[in-house]
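S.K.: Sharing a structure here in structure tokens format.
The values are calculated or read from the model by the stated rules, or taken from the named source; none is laboratory data. Keep in mind that this is a model prediction, so the values were computed, not measured. Because the Cβ atoms are built from the backbone with ideal geometry, glycine has one as well, and the counts that use them run over all protein chains shown.
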Amino acid sequence: MSDIQLTEKFFAEIAGWEAMKQARAYITMGKVLSSNYTPPILKGVVQAGEISYRAGIVIKGQSVIDNICS
């Protein structure tokens, strides 16, 4: 597997600009409690109201992504 660069362009391509807009809002509001990238797994915890969600993806390639979100 080649090294994948985690850039805004990469995330916009895999998730779309609407998801990027929401992600930026969560970051700005301090709702991203943690994140960790240990290739190929990217995971984190996001606060939404009173609930914390574990979010994650397995990046197998430039366009091969598995969702491991709750």
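S.K.: Identify all residues within the range 12-46 that are polar (S, T, N, Q) and touching a Gly at 6+ places or on another chain (Cβ under 8 Å); write none if there are none.
M.R.: The answer is Ser34, Ser35, Asn36.
S.K.: I'd like the full set of residues that are exposed (fewer than 14 other Cβ atoms within 10 Å of the Cβ) and outside any strand (DSSP E or B), limited to the range 27-67.
M.R.: Across the range 27-67, the qualifying residues are Ile27, Thr28, Met29, Gly30, Pro39, Gly49, Glu50, Gln62, Ser63.
S.K.: Need pairs with beta-carbon distance below 9 Å; first residue more than 16 Å from Ala55 (Cα to Cα) and modelled with pLDDT of 95 or more and within the range 12-37, second of a type in the set (Phe, Trp, Tyr) and not in a strand (DSSP E or B); sequence gap 6+ or separate chains.
M.R.: none
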